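Below you'll find the structure, written out as structure tokens, and then a few comments.
What follows draws every value from the coordinates through simple rules; no lab data is involved. Quantities reported herein were computed from a predicted structural model and do not represent experimental measurements. Note that we place each Cβ from the backbone using ideal geometry, even for glycine, and neighbour counts take in every protein chain shown.
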Amino acid sequence: MQRRSFLKSTAIAGPLAAPIFASAASVTPEPVAAPFKMKFAPHLGMFKHLAGEDPIDQLNFMADQGFSAFEDNGMRDRDISLQEKMASTMANRGLEMGVFVAHKIYWKEPNLASGKEEWRTEFLDYITKAVDVAKRVNAKWMTVVPGHVDLRQDMGYQTANVIESLKQASAILEPHDITMVLEPLNFRNHPGLFLTKIAQGYEICRAVGSPSCKILFDIYHQQIQEGNIIPNIDQAYEEVAYFQIGDNPGRKEPTSGEINYKNIFKHINEKGFGGILGMEHGNSRDGAEGEQAVIDAYRAVDL
């Protein structure tokens, strides 16, 4: 179903809908639904049944539903022409660009932990090229995952190797006011990775000592890896620049699992966080009904 036909037939009749009085000549259409208070960021494919397959239609649908941000792990690999069209649409619709993955992630090889110069050089080349992508789509954050552990080296040496690579990457990013956010990942979905815990990310960011190197706090991953979500937010907060969302078990929308997202969002807001919260999860139900359920879940946990 195309976005405009869906809106005409269903969305305007919803309890959160507002009449549209803007003329056809409006440059920036008003949202159909009330804006979310927090900067929740959907991704492409999350609403493909309601919005259609076209990325631009999906972005417009997100804005119509009251979302004010968007993230796209795969932005780096999209055609430049599409990146530019997406950037223009986001600017016109008031969608702030969230993270994209900055580099090739090594899921089984210790690229940054190893300290090997060829892997470090490759990583820094990815970071340099990612700056162009970030500028093209008005992004201020890019995701970095240091790769697998090096089983032949003590953890201390591996940590030093990672820190050195990130210091050099920060020197590339700082002049452009762009931040790489390090994402600790859980042992169940991604066994054997170097970076797994928030405290570990905090230690690394403190050692790098750059505004361009911060933590991506993925609440789903950390619920599995170590729990203790709110205390870890408090202890690491000064090095956290970005949050991602997913309930556990299943990595689906809030209210589908065990995590009390309403309390977590309230706590984050009270700490003064005004940044993006990426919706990096699937839908617990299939089809258009499941996509509407995602929107309704975020209405339920919004401030």
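In deg cm²/dmol and to the nearest 500, what is the mean residue ellipticity at 222 nm of the chain if only DSSP H runs of at least 4 residues count, each as -39500 (n - 2.57), divided by the residue total?
-13000 deg cm²/dmol
Pull out a ≥ b ≥ c, the square roots of the eigenvalues of the alpha-carbon gyration tensor of the chain, then state rounded if a/c is under 1.5, prolate if not and a/b is larger than b/c, and oblate in the remaining case.
Since a/c reaches 1.5 and a/b is larger than b/c, the shape of the chain is classed as prolate.
Build a GNM of the chain with springs between Cα atoms under 10 Å: which of SER81, SER114, SER210 gets the top mean-square fluctuation?
Among SER81, SER114, SER210, the largest GNM mean-square fluctuation belongs to SER81.
Can you give the local net charge around ALA87? Use residues other than it whose beta-carbon is closer than 12 angstrom to its beta-carbon, Lys and Arg +1, Asp and Glu -1.
+2
Within 10 Å of each candidate Cβ there may be at most 10 other Cβ atoms; applying that plus a DSSP loop requirement, which GluC sites (Glu not before Pro) in the stretch 205-303 survive?
The qualifying sites are GLU258.
With the chain treated as a Gaussian network of Cα nodes joined by springs under 10 Å, which of ALA87, ALA130, ALA34 yields the largest mean-square fluctuation?
ALA34
For the stretch 99-244, take the alpha-carbon Rg, divide it by the Kirkwood Rh, and send me Rg/Rh.
A ratio of 0.94.
Once the other residues with Cβ under 11 Å from the Cβ of LEU44 are scored (Lys, Arg +1; Asp, Glu -1), what is the net sum?
Around LEU44, the surrounding residues sum to -3.
Based on DSSP, what percent of beta bridges with both residues in the chain are antiparallel, to the nearest 5?
Beta bridges within the chain, antiparallel portion: roughly 15 percent.
So which aspartates and glutamates can LYS271 reach, going by Cα to Cα under 19 Å and dropping same-chain residues fewer than 8 places off?
ASP218, ASP234, GLU238, GLU239, ASP302
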